[in-house]
1. In this structure, does GLU386 turn out to be surrounded by fewer than 21 Cβ atoms within 10 Å (Cβ to Cβ), part of a loop (DSSP other than H, G, I, E, B) and in the same structural domain as ARG304 (by TED's automatic domain parsing)?
2. Select from the range 356-380 the residues that are of a type in the set (Gly, Ala, Ser), out of contact with any helix residue (DSSP H, G or I) (no Cβ under 7 Å at 6 or more places or on another chain) and not in a loop (DSSP other than H, G, I, E, B) and list them in ascending order.
3. Of the residues VAL272, VAL259, which single one is within 24 Å of the chain's Cα centre (by Cα), touching a residue at least 60 places away in the same chain (Cβ under 8 Å) and part of a strand (DSSP E or B)?
4. Which condition does PRO240 not pass, out of (1) of a type outside the set (Ser, Thr, Tyr); (2) more than 20 Å from the chain's Cα centre (by Cα); (3) assigned to a helix (DSSP H, G or I), if it passes all the others?
5. When you scan the range 291-306, do you find a residue that is touching a residue at least 24 places away in the same chain (Cβ under 8 Å) and closer than 30 Å to GLY432 by Cβ, even just one?
6. Being hydrophobic (A, V, I, L, M, F, W, C) and out of contact with any Lys or Arg (no Cβ under 6 Å at 6 or more places or on another chain) is the filter here, so list the residues in the range 441-467 that pass it.
7. Which one of these is under 27 Å from ILE456 (Cα atoms), assigned by TED's automatic domain parsing to the domain that holds ASP217, modelled with pLDDT of 95 or more and among the aromatic types (Phe, Trp, Tyr): TYR251, TYR330?
8. Taking interchain pairs and intrachain pairs at least six residues apart, which have beta carbon atoms under 7 angstrom, with the first residue in the range 24-47 and farther than 23 Å from ASN427 by Cα and the second assigned to a helix (DSSP H, G or I) and of a type in the set (A, V, I, L, M, F, W, C)?
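The values are calculated or read from the model by the stated rules, or taken from the named source; none is laboratory data. A quick note: this is a predicted structure, and the numbers were derived from the prediction, not measured. All Cβ positions, even for glycine, are placed from backbone atoms using ideal geometry, and neighbour counts span all protein chains on display.
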Amino acid sequence: MSERPSQALAEATQGANGGRRMLVLGLDCATPQLVFDAWRMDLPNISRLMDEGAWGRMNSTIPAITVPAWTAMMTGRDPGELGFYGFRNRADYSYDRMTIANASAVEHPRIWDLLSQKGGRVGVLGVPQTFPVRPVNGQMVSCFLTPSAKSEYTYPHELRDEIAGWLGEEFLVDVPNFRSDDKDRILRDIYRLADHHFDVAQHLLERDRYDFFMMVDMGVDRIHHAFWKYMASDHPKYEPNHRFERAIHDYYVHVDGRVGQLLELVDDETIVVVVSDHGARTMAGGICINEWLINEGYLVLKDRPTDVTALEDCEIDWSRTRAWASGGYYGRLFMNVRGREPEGVIDPLDYEAERDELVARLATITDPDGAPIGTVGHKPEELYREVRKIAPDLIIYFGNLKWRSVGSVGFESIWTFENDTGPDEANHAQEGIFVYNDPRNPQHGRDLGTVEIYDIGPTLLTALGQDVPEGLRGKAIEW
């Protein structure tokens with residue numbers, strides 16, 4: 001399957017796709033206020049695609065996070081239908097069993113699966129939730145969930161050795177420990193990560209002709225989390241004229257240059273898409289959600305720690321606990337329901353009233369100065385068409401993601417300005433970017449306004465002349 005398709009298959013594929021080919025360039029966390037506004041003139045390749053095509057802000061999934069957003073985009077299914085609500089999900093209704101949502105959790109076909117089934121030639125590189133790899137009609141190089149380049153991270157297997165030969169060193173699957181104070185090392189690794197992925201993309205595009213090729217650069221996300229405070233004057237830790245003040249800008253410029261190099265390898269008929277899964281924004285600080293639950297009487301510890309401690313390392317009195325939560329860029333709150341959790345205390349008949357009360361009380365959380373921050377507790381069944389497997393009872397956005405959720409306990413208040421999992425200077429934002437350039441159907445810089453993440457999959461399939469599976473949440477954008 002690593003060989004080129006036969007001439008007959010190639011002709012059949014061309015017929016099935018209407019002769020169309022597509023290059024999708026994913027920039028994880030690329031944010032519209034930088035790409036479309038502040039730095040548009042500094043990004044000539046993406047800017048040209050915008051000027052000739054169409055572009056708009058992209059409303060992401062709730063939660064706006066890498067997993068599940070990329071898979072929602074590529075399947076047209078929402079997180080509830082997919083059955084995972086972030087990287088880590090409850091395996092069952094016990095208190096401590098969690099699973100990682102890797103490729104094995106994805107049960108719906110993604111665009112490259114649908115094309116492969118019809119004989120389309122596909123290349124997939126670095127797209128989140130592609131580890132462990134699965135067979136495709138073409139090549140796959142898995143994502144940052146790959147344990148290391150010593151893993152079976154390619155399909156076919158022999159591609160791994162080819163990549164090592166191309167690079168002359170071990171392929172970097174992600175930036176190691178990107179939440180640390182060693183900013184110089186992190187910056188070097190971010191560039192090395194991008195160059196490894198773009199170099200591999202170039203080698204693949206130079207030797208093969210794909211009906212659909214997609215790669216995702218994770219470096220944009222990593223540089224936001226590591227360097228945002230040096231750039232953003234509204235950040236509480238902003239330092240004017242810091243030596244890293246232009247680090248994010250310069251990286252965007254570098255990525256735009258690498259995008260330009262890939263554009264030279266596709267023909268003038270190829271549809272080009274540049275897209276992110278969500279955006280980024282300044283993070284004011286963290287809301288210590290479990291500290292808040294303790295203070296409000298929902299969570300009871302047998303011994304309250306005096307040092308910052310992960311909740312899983314504490315002894316919880318489940319007989320008196322009604323709710324607990326996990327941290328991250330958004331909050332996940334779980335309720336201790338009788339007959340559902342092992343030591344549940346909330347009567348199922350009181351569940352909805354208790355949940356409504358939590359939503360109302362969460363909305364009253366303020367900043368340290370007493371000003372409301374606008375916290376919203378989302379009920380999964382109100383967000384999704386279906387709720388599969390085990391969703392959080394509430395998905396919490398603190399101040400429209402201006403504040404992150406901190407799950408550890410042992411703080412002196414519910415507010416913190418230090419992340420409990422290492423330095424992190426930005427939070428995610430709900431809106432990402434979408435740029436669409438079809439040389440056969442120029443849009444002359446059309447501003448799409450805001451598109452939905454669920455519309456992207458149907459749009460790409462339609463552009464490739466493919467039938468859109470029934471039951472998808474989104475619909476194709478009309479050109």
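1. Working: surrounded by fewer than 21 Cβ atoms within 10 Å (Cβ to Cβ): yes; part of a loop (DSSP other than H, G, I, E, B): yes; in the same structural domain as ARG304 (by TED's automatic domain parsing): yes.
It is true that GLU386 is surrounded by fewer than 21 Cβ atoms within 10 Å (Cβ to Cβ), part of a loop (DSSP other than H, G, I, E, B) and in the same structural domain as ARG304 (by TED's automatic domain parsing).
2. ALA360
3. Details: VAL259 fails: part of a strand (DSSP E or B).
The conditions single out VAL272.
4. (3)
5. yes
6. LEU448, VAL451, ILE453, ILE456, LEU460, LEU461, ALA463
7. On the way: TYR330 fails: assigned by TED's automatic domain parsing to the domain that holds ASP217.
The unique qualifying residue is TYR251.
8. Filtered contacts from the range 24-47: ASP42/VAL253; LEU43/VAL35; LEU43/VAL253; ASN45/VAL259; ASN45/LEU263; ILE46/VAL35; ILE46/VAL259; SER47/MET41.
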